[in-house]
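Asker: My questions all concern the structure below.
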Amino acid sequence: MTRTVTLFHAQGCHLCERAREQLTALRAELGFELREVDIGGDADLEAAYREFLPVVELDRERLFTYYVFPDVLRRRLTAQSPA
């Protein structure tokens, strides 16, 4: 099963750009699906995510806020997939 990493981001967020670069490189290494969600213009997403950007989820579970930790993502992706 291919795991899904979701990046919630917004325009002008420099930490979001860094997270995107890291996740793109890690995707090439680890083979997960990368989904990007721009929260701009969506009031519900803005309320849920704005103060924590970037937010990274793995299979719909929040994994990181503000920064991506590559070694943690590697461990989580190489662990047994959820049932």
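Asker: Can you give me the distance in nm between label points at ALA47 and THR4, each placed 7 Å from the Cα along the Cα-to-Cβ direction?
Answerer: A separation of 2.3 nm, rounded to one decimal place.
Asker: On a 1.4 Å probe surface of the protein chains, which of GLU46, GLU36, GLU21, GLU29 comes out largest in accessible area, and what is the full order? Write out the running numbers ahead of the final one.
Answerer: Numbers: GLU46 55, GLU36 80, GLU21 125, GLU29 105 Å².
The most accessible residue leads, giving GLU21, GLU29, GLU36, GLU46.
Asker: Given labels modelled 7 Å from the Cα in the Cβ direction, how far is it in nm from GLU33 to GLU21?
Answerer: Calculated label separation equals 2.8 nm.
Asker: Right, another one. How much accessible surface does VAL72 have with a 1.4 Å probe, in Å² rounded to 10?
Answerer: In the full protein context, VAL72 sits at about 50 Å².
Asker: Give me the percent of the accessible area of the chain that comes from carbon and sulfur atoms, probe 1.4 Å, all protein chains in place. Don't jump to the answer; show the numbers that get you there.
Answerer: Details: 2500 of 5230 Å².
It is 48 percent, rounded to a whole number.
Asker: Moving on to the next point. Can you sort HIS14, HIS9 by solvent-accessible area, 1.4 Å probe, largest first?
Answerer: Values: HIS14 140, HIS9 25 Å².
So, going from the largest accessible area down, we get HIS14, HIS9.
Asker: Using the Cα centre of the chain as origin and beta-carbon charges of +1 (Lys, Arg) and -1 (Asp, Glu), tell me which of ALA25, GLY41, VAL56 is placed farthest towards the positive end of the dipole.
Answerer: Highest projection toward the positive end goes to ALA25.
Asker: Which option, [x] 12.4, 37; [y] 15.2, 57; [z] 16.1, 47, is the value of Rg and Dmax of the Cα atoms in Å that was calculated from these coordinates?
Answerer: Step by step, Rg and Dmax of the Cα atoms in Å for this structure corresponds to label [x].
Asker: A further question follows. Where in the stretch 26-83 are there chymotrypsin sites (Phe, Trp or Tyr not before Pro) that are in a DSSP coil and have at most 15 other Cβ atoms within 10 angstrom of their Cβ? Don't skip to the end; give the middle numbers.
Answerer: On the way: sites: PHE32, TYR49, PHE52, PHE64, TYR66, TYR67; in loops: PHE32, TYR66, TYR67.
The qualifying sites are TYR66, TYR67.
The values are calculated or read from the model by the stated rules, or taken from the named source; none is laboratory data. Please read all numbers here as calculations on a predicted model, not as lab measurements. A quick note on method: Cβ atoms are made from the backbone with ideal geometry, for glycine too, and the neighbour counts reach across all protein chains shown. In case anyone asks, the SASA skips ligands and DNA or RNA and just uses the protein heavy atoms, side chains included. Shrake-Rupley method; radii C 1.70, N 1.55, O 1.52, S 1.80 Å.
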